[in-house]
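Peer 1: Dropping a structure here in structure tokens format, bear with me for questions.
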């Protein structure tokens, strides 16, 4: 699993350990709340790098799948799993489509997004851009807002717990929610919030290539994401303009907004305030409980229990994925707009 990136500048010094650290945050190894699969996700760069610097050509990198059990999926070929893409994929691509591990619909595909985001994060770092994501909610357990927290404070709070919540206490409450779902043979979803700081004013394009459009396009490409909102998001529909508008003010010779209901974006362009967005992730569809389905061969009703080693909650491992897609999207817009060379 991996990615190819085109259009990288020539001679940029790429720090591979930084990419590996981001991959480690996504890996299930060492996580008590994750799948039992042992995927270490060790980075291998195939091309586009010479003596630690980009060549200006296509950058290609991958990780190996090391812990595969195809047999867990063979028995499900004729009985599509509820909540998965099995049924429409077989209609679209035919009965011989390889859907082992979910195939191209698997969360495993996010490995490439993390590699790409880690590269793009290094391109953006010199101009001061940083992305920090955290788990805002798991099931019905919601963490604190911490609206005034600095990027460094967000990172430190997130690292106090395995879930990636802002603080040890909410992290432990969310962990209990995940464990309860696992014990019941079930799963649970949640919310991830991402904040990107250090962005210049005016990044993006109005209309089709607005910051929201590009970020949301990538966010919805992540398996399991069912909703995206920016700033106040859906709450804005219940506010009056006087409450939703962010007042402008001067601060140390620059224009800021006193609130950030707009999520750092107006008219598709960055305002200089942190870009803030949230994604809603559905519960993992592969669960041990009995589920109703159909047998595509006999054309009869069927009941299945999904075997294998599956995350009871994919939200904690997706935190770094959300940071990655944000960095990927914003680096692409920055190059298109001439902010990076």
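Peer 1: Suppose the chain between residue 58 and residue 220 were pulled fully straight at 0.36 nm per residue; how much longer would it get relative to their current alpha carbon spacing?
Peer 2: Values: separation 162, 0.36 × 162 = 58.32 nm, distance 2.51 nm.
Gain on stretching residue 58 to residue 220: 55.8 nm.
Peer 1: Relative to the longest principal Cα axis of the chain, at what angle does helix 168-183 sit, 0 to 90 degrees, rounded to 10?
Peer 2: Result, in degrees: 20.
Peer 1: How long is the gain from residue 180 to residue 207 if the chain were fully straight, where each residue apart is worth 0.36 nm and the alpha carbon distance is subtracted? Walk me through the numbers before you get to the answer.
Peer 2: Details: separation 27, 0.36 × 27 = 9.72 nm, distance 4.39 nm.
So the chain would gain 5.3 nm between residue 180 and residue 207.
Peer 1: So, one more: Provide the three semi-axes, in whole Å and in decreasing order, of the ellipsoid equivalent to the chain as defined by the square roots of 5 times the Cα gyration tensor eigenvalues. Intermediate results must be reported in sequence, preceding the final value.
Peer 2: Details: eigenvalues 240, 127, 75 Å².
The answer is 35, 25, 19 Å, longest axis first.
Peer 1: Given the rule -39500 (n - 2.57) for each run of at least 4 DSSP H residues, summed and divided by the residues of the chain, what is its mean residue ellipticity at 222 nm, to the nearest 500 deg cm²/dmol? Don't jump to the answer; show the numbers that get you there.
Peer 2: Numbers: 9 runs with 97 residues, N = 341.
My calculation for the chain gives -8500 deg cm²/dmol from helical runs alone.
Peer 1: Helix 16-26 against the longest principal axis of the chain: what's the angle in degrees, Cα atoms only, rounded to the nearest 10?
Peer 2: Roughly 50 degrees, rounded to the nearest 10.
Peer 1: Taking Cα centroids, how far is the range 256-318 from the range 107-165 in Å?
Peer 2: 16
Peer 1: Turning to a different aspect of this structure: Specify the residue with the greatest mean-square fluctuation among 314, 256, 178, computed from a Gaussian network of the chain linking alpha-carbon atoms under 10 Å apart.
Peer 2: Among 314, 256, 178, the largest GNM mean-square fluctuation belongs to 256.
Peer 1: Ok, one more. Have a look at 229, 153, 96 and tell me which one the Gaussian network model of the chain (Cα, springs below 10 Å) gives the largest fluctuation.
Peer 2: 96
Peer 1: Here is a follow-up. With labels modelled as points extended 7 Å from the Cα through the Cβ direction, what inter-label distance (nm, one decimal) is found for residue 150 paired with residue 21?
Peer 2: For residue 150 paired with residue 21, the spin-label model returns 1.7 nm.
Peer 1: Compute the distance in nm between two label points, each set 7 Å from the Cα along the Cα-to-Cβ direction, one at residue 300 and one at residue 258.
Peer 2: Result for the modelled spin labels: 7.0 nm.
Peer 1: Given Cα pairs under 8 Å that are at least 6 residues apart, what percent is the relative contact order of the chain?
Peer 2: Details: 663 pairs, mean separation 76.1, N = 341.
This gives 22 percent for the chain.
Peer 1: Please work out the FRET efficiency for the pair residue 44 and residue 250, using the Cβ-Cβ distance as r and a Förster radius of 45 Å; give the result to the nearest 0.05. Can you show the working numbers first?
Peer 2: On the way: r = 50 Å, r/R0 = 1.10.
Step by step, r from the Cβ atoms, then E = 0.35.
Laboratory data are not the source of any read-out in this text; all were calculated from the coordinates shown. Keep in mind that this is a model prediction, so the values were computed, not measured. Virtual Cβ from ideal backbone geometry, glycine too; neighbours counted across all protein chains shown.
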